[in-house]
Amino acid sequence: MSCPLRFPPGFLWGAATAAYQVEGAAREGGRTPSIWDTFSHTPGKVLGGDTGDIAADHFHRRPQDVALMASLGLTAYRFSVSWPRVQPTGRGPAVQRGLDFYRRLVDDLLDHGIRPLLTLYHWDLPQELEADVHGGTAAGGGWPHRETAHRFADYAGIVAEALGDRVQWWTTLNEPWCSAFLGYGSGVHAPGRSDPVAALRAAHHLSLAHGLAAQALRAALPAHGRIMISLNPAAVRARTRAPADLDAQRRVDALATRIFTGPLLHGAYPDDLLADTARITDWSFVHDSDLAVIKHPLDALGINYYTPTVVSAGTDNAPPRHDGHGASARSPWAGAEHIAFHRPPGECTAMGWAADPSGLYDLLMRFHREAPGLPLYITENGAAYEDKPDAAGTVHDPGRIAYLHSHLTAAHRALARGADLRGYFLWSLLDNFEWAYGYSKRFGAVYVDFATQARTPKSSAHWYARLARTNELPPPP
Ligand code: FCB
């Protein structure tokens, strides 16, 4: 019998959520609409017309939810702050009631010995900044507009002043690729714009926002404060070794990953990215001083991973993973619209995403080599299944356990080969509002009955609790 895999002492076992996906209370305490409120209330944008108005009602169930985390043995919790709950117009002073919610959440977590990992932006831009009348372009404000990066830095400073005494780990942005390319490129995410140049501008201004926010955080946080960002780098495979397919792989790698890691880790945009997109923009929105700001030293890198991306030259209608957040009429891949995406081999989850842990291993080893000495966290990983309670009310989700087991085995292999991986955050703690899919996709380790808001830990939650308590990977079901 083989020995169970052991993780290093102090390895963090967490779960993740995001404000708009779980909080609800959309109009309480002075909160104003974010781009996701506007988008989800626009007919046809979200499956079934679902919105985050109530979501998992976490705003009202905070104490019970934290107790639930503790009962599952979690040692960390990754959550996001809703910008419009704290700074409703995206400008000016903070709303204390909004900050109080997060202050209480953090206090509850600390009381239970759960380490908070705070994300400042998980996609809920205050609507007023999108519909900016104070200097946005004719097409609107939002992330394609430089000013938004400065607004974000101010907001980061406000939250850091309020919570910096209690929260050590700060993540600026979650998956800026999705904000830029699904929000402004394909339009399947809020604010639902479809303009390749706007998407590239948004990508740059998100990176700039990260850099400016990192400066604001560094100024406001005590010395032990730590700053990171969570990316969703793509594990891109070429369908064949043919030169044209390898070139497609290179292009998608540039547009999905190096567009962010270039400036963040190396202080420059990759030459091949600039050449590939030269037809649509001259990148004159990048100011000389921006790159030094974006390269602000990071204390860790967060990696979100679900499935690999398989590409070839030519066109094909198979939906890529990154389109998988909703049906897309337009490609999000600015300047690489001719590339074909294929379903990777492997069993599919309810999202239609193939379970292939080798992509996670490859990404961990890639950043281990590319950014030596930079600690890594898996800030999201998990799977949606069609979970249902049985007659006894129990929710068995062996598929999810198998998914987690295989991905954690891959993570362990990377650790054994030297990757400085410090923790793992399961997506997600609770079933929640899965963006363009509404409530139709269940990612939680805890089942939520959205009619009653009752929470039922699935078998995967019990399996994960055992892992968190022992630091040893339990066998798959
Ligand atoms: C990621 C998002 C997260 C969730 C998972 C399934 O891209 O960051 O909010 O939707 O996908």
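Every number in this text was worked out from the coordinates using simple rules, so none of it is lab data. For clarity, every value in this text was computed on a predicted model and none was experimentally measured. Neighbour counts are summed over all protein chains in view; Cβ atoms, including those assigned to glycine, are modelled from backbone coordinates with ideal geometry.
Values computed for the structure shown
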quantity: Qualifying residue in segment 463-472 (condition: within 30 Å of residue 191 (Cα to Cα) and either away from the ligand (no atom under 15 Å from the Cβ) or not in a loop (DSSP other than H, G, I, E, B) (or both)); calculated: no
quantity: Test result for residue 185, under 18 Å from residue 300 (Cβ atoms) and touching a residue at least 40 places away in the same chain (Cβ under 8 Å); calculated: no
quantity: Qualifying positions in segment 9-24 - more than 16 Å from the ligand (Cβ to nearest atom) and either part of a loop (DSSP other than H, G, I, E, B) or free of Cβ contacts under 8 Å to residues at least 40 places away in the same chain (or both); calculated: 9, 10, 11
quantity: Conditions (1) more than 22 Å from the chain's Cα centre (by Cα); (2) within 15 Å of the ligand (Cβ to nearest atom); number of the one not met by residue 388; calculated: (2)
quantity: Qualifying residue in segment 55-66 (condition: aliphatic (A, V, I, L, M), away from the ligand (no atom under 16 Å from the Cβ), surrounded by fewer than 16 Cβ atoms within 10 Å (Cβ to Cβ) and part of a helix (DSSP H, G or I)); calculated: no
quantity: Residue 180 vs. criteria within 16 Å of the ligand (Cβ to nearest atom) and in contact with a helix residue (DSSP H, G or I) (Cβ under 9 Å, 6 or more places away or on another chain); calculated: yes
quantity: Residue match in segment 31-48 (condition: more than 16 Å from the ligand (Cβ to nearest atom), under 30 Å from residue 420 (Cα atoms) and surrounded by 17 or more Cβ atoms within 10 Å (Cβ to Cβ)); calculated: no
quantity: Check on residue 275, within 16 Å of the ligand (Cβ to nearest atom), farther than 23 Å from residue 150 by Cα and small (Gly, Ala, Ser); calculated: no
quantity: Subset of segment 410-440 [buried (at least 22 other Cβ atoms within 10 Å of the Cβ), within 16 Å of the ligand (Cβ to nearest atom) and not hydroxyl-bearing (Ser, Thr, Tyr)]; calculated: 425, 426, 427, 429, 430, 431, 432, 433, 434, 435, 436
quantity: All positions within segment 278-298 that are closer than 13 Å to residue 264 by Cβ and surrounded by 11 or more Cβ atoms within 10 Å (Cβ to Cβ); calculated: 290, 291, 292, 293, 294, 295, 296, 298
